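A short write-up of the structure that comes next.
The values are calculated or read from the model by the stated rules, or taken from the named source; none is laboratory data. On a predicted model such as this, the values are computed, not experimentally measured, just so you know. Backbone-built Cβ (ideal geometry, glycine too); neighbour counts: all protein chains shown. The accessibility values were calculated without ligands, DNA or RNA, using every heavy atom of the protein model including side chains. Shrake-Rupley method; radii C 1.70, N 1.55, O 1.52, S 1.80 Å.
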Amino acid sequence: MYFHLRAVPPPALRNSANWLRRLFEDDWETVRLRLDRHREEMLDRHYLDHDLLYTGAPPYDTVDGPGTDVVLGGRAVYHADPTQPPFLLLTAQEADQVAEYLASADFTYLWDVSRHVLLPEKAEADTETEAQTRAAFESAHQDLTAFYAQTARDGDAVVKWLVL
């Protein structure tokens, strides 16, 4: 299970679940090339943790804003099969706002606010586990920042899907 994000030129975007599903059917080599060019990004099964990093940990929750769109935000397009998660769509303008948010975000601050809920139990006492966990989140943050920056430069929209 992973969360897949893909940049799409707005004129090519369709409001059809079948069309959106086909966006994510490419072979791994094609996907890897798009990942290398920051046209596509993937988050592992801990995508909800990444979302928490940007939306804030209690009591610092943000209610609204570009941080809420980084991972899970967007307008839902539902499948005909109700057991499948919906696609999420960000317009080019929303993707640009997310890019600006990520470019100005202070990762250290985001980590400090969220670390107590992002670390595995008892990891705060284990500096090696904390360092590894922080490095994984920081790497994903850099990848998401690069993805959204390229998407904004190209004026593209973003389609997201939880691939089961």
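I need the full set of residues from the stretch 122-153 which are surrounded by 14 or more Cβ atoms within 10 Å (Cβ to Cβ) and not hydrophobic (A, V, I, L, M, F, W, C), in order please. Give the derivation first.
The initial filter retains those residues of the stretch 122-153 that are surrounded by 14 or more Cβ atoms within 10 Å (Cβ to Cβ), namely 123, 129-130, 133-134, 136-138, 140-141, 143-152.
Those that are surrounded by 14 or more Cβ atoms within 10 Å (Cβ to Cβ) and not hydrophobic (A, V, I, L, M, F, W, C): 129, 130, 133, 134, 138, 141, 143, 145, 148, 150, 151.
Looking only at residues in the stretch 1-26 that are in a loop (DSSP other than H, G, I, E, B), open to solvent by 80 Å² or more (accessible area, probe 1.4 Å) and free of Cβ contacts under 8 Å to residues at least 12 places away in the same chain, which one is farthest from residue 156 (Cα to Cα)? Among those that are in a loop (DSSP other than H, G, I, E, B), open to solvent by 80 Å² or more (accessible area, probe 1.4 Å) and free of Cβ contacts under 8 Å to residues at least 12 places away in the same chain, it is 25.
Here residue 74 meets each of (1) modelled with pLDDT of 95 or more; (2) open to solvent by 30 Å² or more (accessible area, probe 1.4 Å); (3) closer than 24 Å to residue 164 by Cα with one exception, condition (1).
Quick one: residue 41 ticks every box in (1) acidic (Asp, Glu); (2) exposed (fewer than 15 other Cβ atoms within 10 Å of the Cβ); (3) within 15 Å of residue 161 (Cβ to Cβ) except a single one, so which number is it? So residue 41 meets the others, but not (2).
Residue 29 passes every criterion in (1) assigned to a loop (DSSP other than H, G, I, E, B); (2) more than 21 Å from residue 101 (Cβ to Cβ) apart from (1).
Identify all residues within the stretch 99-109 that are farther than 16 Å from residue 131 by Cβ and either open to solvent by 20 Å² or more (accessible area, probe 1.4 Å) or among the polar types (S, T, N, Q) (or both); write none if there are none.
If we filter the stretch 99-109 for residues that are farther than 16 Å from residue 131 by Cβ, which is where we start, we get 99-106, 109.
Once the filter is applied, which keeps residues that are farther than 16 Å from residue 131 by Cβ and either open to solvent by 20 Å² or more (accessible area, probe 1.4 Å) or among the polar types (S, T, N, Q) (or both), the stretch 99-109 yields 100, 101, 103, 104, 105, 106, 109.
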